[in-house]
Each structure stands twice: as C-alpha cells, then as structure tokens.
Amino acid sequence: MNTHTPLFKTILFFIPLSLIIFFTGCSKTPDPLSKTGFYFDTVITITLYDKPDESILDGCFSLAETYENRLSKTKENSDVWNINHSGGKPTAVSEDTLALLRACLFYAELSDGKADPTIGPVTELWDFSGSSPAVLPAQTDLENALNHVGYEGISIEGDMVRLADPDAEIDLGFIAKGYIADRMKEYLASQGVASATINLGGNVLAIGSRPDGSPFRIGIQKPFAPSGDIALVLPVSDLSVVSSGTYERYFELDGTIYHHILDTKTGYPVQNNLFQVTILSRSSMDGDALSTTCFLLGLEEGMKLVESMEDTEALFFTSDGAIHASSGLEDFVP
C-alpha cells in the first residue's frame, strides 16, 4: 500500500507538446502574463497569474539561458561539454552540475544502471528529430558505443568530475529540465510570485493555485491520439508533473516505432508495452528522473518503486489503452 503523504488537493497533469488549461468562472484578478522561448531543444512557457510583471519573466528566461549554457552537452564550454571533452582528466564544474550528477548517480544505482547518465555515446547514434530519412544505427556502432556506457566510471572529488573512460559521454537529458524548473520556482518565490506555471516542454511545475484559490485544471493528451484528445483533466495546485513517453520523440520504420528512451543493455528503444509514464511529485528534478527511470523499469517494477516513495504518485499508460494508477491516484482514473 502506498503510504505517501496525500498529494491532493494538489494534482497537476502535463501534455508533452501542448498544455491545456481550462478556466471557469469570473475573476477580478489581473490577466495572466506569459512568455515563450526556445531552450533545451524545446519550447518553454512561463505564465504568471498573480504578479504579471514582464521583468520577472525576463529573469526566468535569463535563468534558462544560464542553465542551458552550463548543462547542455552540445554547448561548447558548458560544464557537461568540458567533462565530455576532457580526455578523462578531472574537470572543475559548478555546484549545479555537481548536484545533478549526484542525483543521476543515485537514480542509476536505484535502477541498476537502466537509467545511466553516460548513455551519451548511444543517443548520438539515433536521430529522432525527423530532419533526415529514418535509419537504424549499425549494430557494430551500437555495440561499440555500449562499451562506453557505465555510470560507475564517473568520479566526483570536491568540485572536480572525472570520467574513467575518456570515450564516455554524460547526457543529463533525463533530469536537467526538472532541476531547472525547481530553480525557477525558487526564483519566482523570491520575487513574491505565488501563482504561476512553468512548462519546460515536458516538465510542468505549478506554483500555488489560481489567484482566487481554486486549482488549475490541466489536461493530459492521450498518447498517439490527435492533438487535443485528452485522456484526463485534473485539478492542480503546487506540484510538478513530468511525463516520459514513446510518442514524444520517435520515428516509424517498416511498421515499427523507434522512440528515444533507450535500453542501456541493447542500445535500442526499450520495449515493455508502455506508452507513457507520468510522475507527480514535489520536486520536479525527482519527477523528471523518475518518469524515465520508471519507464525503463516497466510497469511492475516502476509501480513498486513509486509506491515505496513518499510524496510521489504515477500513471502508467500501456499499449493496450489502459491507465494504471498508483494508490493515491486511483480515484482519478476512469
């Protein structure tokens, strides 16, 4: 049985490609103020409901730029880029990068290596962008890349990070946006914001409730359904929701769907009859890591993990169209 602290009154759902918020009733509060940009290879949107101040939004987007330059594996001279191009030498990094790497190692150990921040050499072999004809990586290339995957080769001493394998490559994609959302929440709180939503293109964090005290009502898209086809609509206050799924980034080749959540043993997309895992949690960083970790673990082991954790709930969408809810969410599933 799930012994979590109840998360409700506070429920949030997110749609990976489009966030739909349903408003009802009248309000004398100011109109919400939103700003949208492109960071972390996705569209991000931040909306302020109780304090529509453009300068506060600008501060959030300044943070987005700072973290992209610090954590992106493709930005030259970012912390991650420097580690990956150090030739195995110790590299000094920021406190943010250290915190993320420690969290990555925790989830790697928790999942017995199924979630591994050194998956970088494998992910580079796949193109899920749709910018070129769909092709599979060569088996020999995958086997070679898998030889360089192993979180045990990451060592941290003080502010120095070292990769034991010079050809290993760190990728923080399964956790970084959640961490950034948490930092943005802290910034907004410091500016007196008590009602806002942060949508980092797959990671949504609700700050408080609507200004009149009622929860946000947010819908979650059905996997592989036409845009706007909603599986669930739930009330939301002060929670993070992160989803990982097969339909976020994928291509189809010869009738088979190849998605971006890769098996660290085979190098191919994991096949376990899951379409999506959605995690509800207080910490967006933990939700981000858990959504991928639970997907990789599969329905049974993933649900067992969620039920063992406090302040955490989950929905598992399976390929047969069913939605499997952790014990704290069972009343919300049709």
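The values are calculated or read from the model by the stated rules, or taken from the named source; none is laboratory data. Owing to the predicted nature of the structure, the values given are computational and were not obtained by experimental measurement. In this analysis, Cβ positions are derived from the backbone assuming ideal geometry, glycine residues included, and neighbour counts consider all displayed protein chains. Heavy atoms of the whole protein, side chains included, go into the accessibility calculation; ligands, DNA and RNA do not. Shrake-Rupley method; radii C 1.70, N 1.55, O 1.52, S 1.80 Å.
In the range 251-278, the residues that are on the phi > 0 side of the Ramachandran plot and in contact (Cβ under 8 Å) with a residue 24 or more places away in the chain form Cβ pairs under 6 Å with partners that are of a type in the set (S, T, N, Q) and in a strand (DSSP E or B), at six or more places apart or across chains, as follows: Asn273/Thr318. Among the numbered conditions (1) part of a strand (DSSP E or B); (2) of a type outside the set (A, V, I, L, M, F, W, C); (3) in contact with a Pro (Cβ under 6 Å, 6 or more places away or on another chain), the only one that Ser155 does not meet is (3). The residue pairs whose first member lies in the range 292-315 and is on the phi < 0 side of the Ramachandran plot and in contact (Cβ under 8 Å) with a residue 60 or more places away in the chain, whose second member is assigned to a helix (DSSP H, G or I) and among the β-branched types (Val, Ile, Thr), and whose beta carbons are closer than 6 Å, counting only pairs six or more residues apart or on different chains, are Thr312/Val306. Put simply, of Leu188, Leu232, Leu205 the only residue that is open to solvent by less than 30 Å² (accessible area, probe 1.4 Å) and assigned to a helix (DSSP H, G or I) is Leu188. Checked against the criterion of being part of a loop (DSSP other than H, G, I, E, B) and under 17 Å from Gly153 (Cβ atoms), the range 40-55 has no qualifying residue. When restricted to residues that are assigned to a helix (DSSP H, G or I) and open to solvent by 20 Å² or more (accessible area, probe 1.4 Å), the range 251-291 contains 2.
So is Ile56 buried (at least 19 other Cβ atoms within 10 Å of the Cβ), modelled with pLDDT under 95, touching a helix residue (DSSP H, G or I) at 6+ places or on another chain (Cβ under 9 Å) and of a type in the set (Val, Ile, Thr) or not?
So Ile56 does not fit the description; no.
Filtering the range 92-121 to residues that are over 19 Å from the mean Cα position of the chain (by Cα), surrounded by 16 or more Cβ atoms within 10 Å (Cβ to Cβ) and over 23 Å from Ser284 (Cβ atoms) leaves only Pro121.
Of all residues being of a type in the set (Ser, Thr, Tyr) and either touching a Lys or Arg at 6+ places or on another chain (Cβ under 9 Å) or crowded, with 19+ Cβ neighbours inside 10 Å (or both) in the range 312-326, which is nearest to Asp288 (Cα to Cα)? Just the residue, please.
Within the range 312-326, the subset of a type in the set (Ser, Thr, Tyr) is 312, 318-319, 326.
Then keep just the ones that are either touching a Lys or Arg at 6+ places or on another chain (Cβ under 9 Å) or crowded, with 19+ Cβ neighbours inside 10 Å (or both); that gives 312, 326.
On the way: Thr312: 12, Ser326: 17 Å.
Going through the qualifying residues, I end up with Thr312.
Here is a yes/no grid of residues against (1) more than 18 Å from Lys51 (Cβ to Cβ); (2) part of a helix (DSSP H, G or I); (3) open to solvent by less than 60 Å² (accessible area, probe 1.4 Å):
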position: Leu136; (1), (2), (3): yes, no, no
position: Leu142; (1), (2), (3): yes, yes, yes
position: Glu169; (1), (2), (3): yes, no, yes
position: Gly178; (1), (2), (3): yes, yes, yes
position: Val193; (1), (2), (3): no, no, yes
position: Thr197; (1), (2), (3): no, no, yes
position: Gly201; (1), (2), (3): yes, no, yes
position: Pro211; (1), (2), (3): no, no, yes
